[in-house]
Every structure is written in structure tokens, then in C-alpha cells.
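The values are calculated or read from the model by the stated rules, or taken from the named source; none is laboratory data. Note that the structure is a prediction, hence the values are computed from the model and not measured. Note: ideal-geometry Cβ built from the backbone for every residue, glycine included; neighbour counts use all protein chains shown.
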Amino acid sequence: MKSPDVFATRSWTTRRERKKRRLLRLAGYRDGRVIQKANMIAAMEELLEPGDRVCLEGNNQKQADFLSRMLAEVNPARIHSLHLLISVLSRPEHLDLFERKVANRVDFSFSGPQAVRLAEMVSDGRIQIGAIHTYLELFGRYFVDLTPDVSFIAADSADSAGNLYTGANTEETPVIAEATAFRDGLVVAQVNEISKSIPRVDIPGSWVDLIVVADRPYAIEPLFTRDPALITDVQILMAMLVIRGIYEKHSVRTLNHGIGFDTAAIELLLPTYGESLGLRGKICTHWVLNPHPTLIPAIESGWIESVHCFGSEVGMERYVAERPDIFFTGSDDSLRSNRAFSQVAGLYAADLFIGSTLQMDGQANSSTAIAGRIAGFGGAPNMGSDPHGRRHPTPAWLEMTSETGDQTRGRKLVVQLVQTFRDGMQPTFVETLDAVAVGRRPS
């Protein structure tokens, strides 16, 4: 056992002291909190240290893309072996970091359009994957064993005190900023502008160390916008089966829909086919979902009472602002999205999750990680799991119980919409999921 003298001489502020040293190295690059965009690469080379855990805000919608582009340009002789923490590997430069050996390890949730390239790089040994997480799992680890040393985030605007306004696209910014700031990490924010005042304070200035006005507004993907003309007859039939055979049968009122034409068809059929069944007010009243344009007919016809959103949707800002009875909005009328809170709501407060997948085995296990394509999970395992910590009962939840006795508990409805064959006649139903082999590869 160590003597009391050892503990008496130990410093308990090493993280705080390291942060001060980093900021001192930046003295020639900043004016208060502000760094000019032309100096950003050089500033990053002073700010970062080899082996740092770096959280880069990049999800399947809002992207800190100026900062990710600058990070991909740093000198790998100075900055290397970074451990990247990111919810979604969605942009080419996210993987360029590994090609250039700026980073060598990643913990993430979803890879979207980079799924094929990621699989190739993992196979070639160019990327080490710590783990593929659900969103909540990854966010939780930011506060436990994956706390960032430096985080790069995005916001609409900042004021002179460093307060940030994230507008409709708050998403995961608060989680990243809080985990970093309160463990003496550095929070760097790209903003579209610095102004005298901002509409509301989404991130307090005391959490933000450095601000840069980006060369263009941050990138955002219109992920949920769907052209109804592309919905097929088969998807319409599947949607009708869901409404009649699941939603009506189990009185599903609280729910989350996955992304895609399968669920978009359900949303569009509520005020027509659902109305013909007399189901308005009986199903689909409270949603955990982004502001899909395909929700508009159901909202306008009185089907929907509330929607809490993971993120916003390009082109829906004005509509959301004019429907504060339905959406969670601030005094400035813009949406207050929050990915972490929506994940919690989908996990514990929803009776049903419905989505699509790429593979399913004979035990109904499903996965979006297939040979040659590592897409990850995103939030589906949270939305689609049955949390044993849930205590509040609803008819839909109780009806799914298989237990008897005084301590009976209900069960969440989890539905996967799939067709027998995917594009290219690839089978959806398999004996063993490709994800099993992917998971066995050494990291």
C-alpha cells in the first residue's frame, strides 16, 4: 500500500494543466477564443498530440465538415495515431484520416455511404475498430472510458461570449461538448457566423474553448426526404399489413419509424387507409422521429399529437416552426432536436420500433453488417430492444407479454420490414449472419 506521502505529493489536476499548456501553444493563433480559418491547420498541429482521443461531430445529418477537412490536412509526422470517436463515418475525409495515418483507431456507430470503403480498409489492416456501437452506447462511453481529449463540433452561430446557437440541428452537440468540457478536454466549434446576439443559448460559452468561422455553412444531409413517387406497390401492401395487422391489433400509439420507403409508405397511408379503418386517435399519436415530410398529411389531418426529433430535416424548418403544438421548439420557433434524448425516448417510452435490415437469420437476429459492407448499427438496436428497466404499462406493451403471475411485465413490439431478396437478388434470410464473421476479425 502506498504511503500517505505519495498521495500528498500527487497532482490531481494533470488534465487541467495539460489543457492550459495546449492553449498556451495556441497563443499566436487566436484572438481570445477566435481562430481565423486560414490558421486552422497550423492551430490543430499545436493543439493536438499524438495518441489523442478526438471526437469529431459527424452524424448522419449535421457535419463539422470544415474541421474534418482541416484535420485531414495536418502533417502526419507531427499528428498521428489519433483515436477517432465519431457517431457516423459519413464523409470521405473521415476515412482519409486513416489513409494518411493521422488516425489509426475508431469507435463509431454507423458508416452510411462509407460502408464499402470502410470494409476494404478494415480488411487491409488500415483501420483498427475499437467497437461498433449504438448511439447511446457510444455517447455513454464519452462519460466513462472514451472521454475525448479534444472535440470538434458545429453550430449555426456564436456570440462574443462564446455561447453557441445550434438552431434546428442541435442533435448530439450537447453530449459531446459536456463530456469534453467537464473533464478538462478542449472543445473547438466551427460556426457559420459570429454575431452580437444569438436567438437562444444551446451550448454555454463556458464549455467552448475555441471558435472558427468556417469557409461555408456546415454540411447537413437531407437524410429523411423521400419522393413518394418511388414507393412501390409492394411497399404499399406491406404498409397496409402493418397498419391493420400490427398497429390496429396492438393499439400502438407511441413509436419510432426507421429510415426508408417502407416506413414512409406507412406514414402516408395513415390519413387514407388508416382513416378508412377508423383508427385516428387510436394509433400513431406520439412519435420519436425526425420531421419527415411524409408525416405532413397525418399531422394536418389530426393524427399526430407530438413528435420529438433526433435531428432536423432540410426544407422542414419553416413547417416545424409553424407547428409548435406538435414539435419541440424554442422561443425562436426553431426545432430543438436532441439525438441522445430521442434515443432514450425510443428505448424506454416507445411501444414499437419498425425498420428494415439487410440480413436476418432463422432466429430473427438481424444485422446491417454484411460481407464487403460494414454499415454499423446507428440507433436501431436501442430503438429495437426491449428494456427490462421499463416500468410504465401501456396496452400495447402489456399485450405482448408471455409471462403469467403477479410480476408480469410487458414487451416492446419490434418489427422488421424485409423482402426475400435485396437488390441484385441477394438473399435477406441466411443461415448465419455475415456480422458474425465481421465481429471475429481482430481489431
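Give me the helices (runs of 4 or more DSSP H) completely within the range 377-443, filtered to those with at least 2 residues that are within 29 Å of residue 309 (Cα to Cα) and of a type outside the set (Phe, Trp, Tyr), ordered by residue number.
Numbers: elements: 380-383, 395-399, 434-440.
Once the helices (runs of 4 or more DSSP H) in the range 377-443 are filtered for at least 2 residues that are within 29 Å of residue 309 (Cα to Cα) and of a type outside the set (Phe, Trp, Tyr), what remains is 380-383, 395-399.
Residues are listed down the side, and each one gets a yes or a no for (1) closer than 30 Å to residue 316 by Cα; (2) in contact with a helix residue (DSSP H, G or I) (Cβ under 7 Å, 6 or more places away or on another chain); (3) touching a residue at least 40 places away in the same chain (Cβ under 8 Å):
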site	(1), (2), (3)
8	no, no, no
14	no, no, no
29	no, yes, no
48	no, no, yes
55	yes, yes, yes
63	yes, no, yes
78	no, yes, no
94	yes, yes, no
98	no, yes, no
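Can you work out which of the residues in the range 236-254 that are touching a Gly at 6+ places or on another chain (Cβ under 9 Å) and crowded, with 21+ Cβ neighbours inside 10 Å is farthest from residue 393 (Cα to Cα)?
Checking each candidate, the answer is 243.
Give the residues of the range 331-353 that are in contact with a Ser or Thr (Cβ under 6 Å, 6 or more places away or on another chain) and more than 30 Å from residue 201 (Cα to Cα), sorted by residue number.
351
Kindly evaluate residue 403 against the criterion of being surrounded by fewer than 11 Cβ atoms within 10 Å (Cβ to Cβ), in contact (Cβ under 8 Å) with a residue 60 or more places away in the chain and assigned by TED's automatic domain parsing to the domain that holds residue 235. If you could, list the steps in order and put the result at the bottom.
Numbers: surrounded by fewer than 11 Cβ atoms within 10 Å (Cβ to Cβ): yes; in contact (Cβ under 8 Å) with a residue 60 or more places away in the chain: no; assigned by TED's automatic domain parsing to the domain that holds residue 235: yes.
It is false that residue 403 is surrounded by fewer than 11 Cβ atoms within 10 Å (Cβ to Cβ), in contact (Cβ under 8 Å) with a residue 60 or more places away in the chain and assigned by TED's automatic domain parsing to the domain that holds residue 235.
Going by the structure shown, is residue 141 more than 17 Å from residue 179 (Cα to Cα) and either touching a residue at least 24 places away in the same chain (Cβ under 8 Å) or touching a helix residue (DSSP H, G or I) at 6+ places or on another chain (Cβ under 7 Å) (or both)?
On the way: more than 17 Å from residue 179 (Cα to Cα): no; either touching a residue at least 24 places away in the same chain (Cβ under 8 Å) or touching a helix residue (DSSP H, G or I) at 6+ places or on another chain (Cβ under 7 Å) (or both): yes.
No, not satisfied.
To keep it simple, each residue is scored yes or no on (1) surrounded by 11 or more Cβ atoms within 10 Å (Cβ to Cβ); (2) without any contact (Cβ under 8 Å) to a residue 24 or more places away in the chain; (3) more than 30 Å from residue 236 (Cβ to Cβ).
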{"residue": "381", "(1), (2), (3)": "yes, no, no"}
{"residue": "391", "(1), (2), (3)": "no, yes, yes"}
{"residue": "415", "(1), (2), (3)": "yes, no, no"}
{"residue": "421", "(1), (2), (3)": "yes, yes, no"}
{"residue": "428", "(1), (2), (3)": "yes, no, no"}
{"residue": "431", "(1), (2), (3)": "no, no, yes"}
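Of all residues in the range 159-187, which are under 20 Å from residue 198 (Cα atoms), touching a residue at least 60 places away in the same chain (Cβ under 8 Å) and in contact with a strand residue (DSSP E or B) (Cβ under 7 Å, 6 or more places away or on another chain)?
Those that are under 20 Å from residue 198 (Cα atoms), touching a residue at least 60 places away in the same chain (Cβ under 8 Å) and in contact with a strand residue (DSSP E or B) (Cβ under 7 Å, 6 or more places away or on another chain): 162, 167, 168, 169, 171, 173, 174.
Return the residues of the range 9-38 that are over 30 Å from the mean Cα position of the chain (by Cα) and of a type in the set (S, T, N, Q); say none if nothing qualifies.
9, 11, 13, 14
Counting only residues that are over 21 Å from the mean Cα position of the chain (by Cα) and either not assigned by TED's automatic domain parsing to the domain that holds residue 127 or not acidic (Asp, Glu) (or both), how many does the range 91-106 have?
6
Among the residues of the range 206-227, write down those that are in contact (Cβ under 8 Å) with a residue 60 or more places away in the chain and loosely packed, with under 13 Cβ neighbours inside 10 Å.
216
Of the residues that make up the range 18-38, is at least one among the acidic types (Asp, Glu), over 30 Å from residue 377 (Cα atoms) and either crowded, with 24+ Cβ neighbours inside 10 Å or assigned by TED's automatic domain parsing to the domain that holds residue 150 (or both)?
Taking the range 18-38 and keeping what is among the acidic types (Asp, Glu), we get 31.
Filter once more, so that each one left must be over 30 Å from residue 377 (Cα atoms): 31.
After this cut, where a residue has to be either crowded, with 24+ Cβ neighbours inside 10 Å or assigned by TED's automatic domain parsing to the domain that holds residue 150 (or both) as well, the list is 31.
Among the residues of the range 18-38, at least one is among the acidic types (Asp, Glu), over 30 Å from residue 377 (Cα atoms) and either crowded, with 24+ Cβ neighbours inside 10 Å or assigned by TED's automatic domain parsing to the domain that holds residue 150 (or both), which makes the answer yes.
Considering every residue within the range 266-288, establish whether at least one is of a type in the set (Phe, Trp, Tyr), touching a strand residue (DSSP E or B) at 6+ places or on another chain (Cβ under 7 Å) and farther than 30 Å from residue 33 by Cβ.
Here is the first cut: in the range 266-288, the ones of a type in the set (Phe, Trp, Tyr) are 273, 287.
After this cut, where a residue has to be touching a strand residue (DSSP E or B) at 6+ places or on another chain (Cβ under 7 Å) as well, the list is 287.
Next, from what is left, pick out any that are farther than 30 Å from residue 33 by Cβ: 287.
Yes: one or more hits.
Restricting the range 107-146 to residues that are among the basic types (Lys, Arg) and over 19 Å from the mean Cα position of the chain (by Cα), which is surrounded by the most Cβ atoms within 10 Å (Cβ to Cβ)?
Initial filter on the range 107-146 (among the basic types (Lys, Arg)): 117, 126, 141.
Still in the running and over 19 Å from the mean Cα position of the chain (by Cα): 117, 126.
Details: 117: 18, 126: 14.
Among those residues, the one meeting the criterion is 117.
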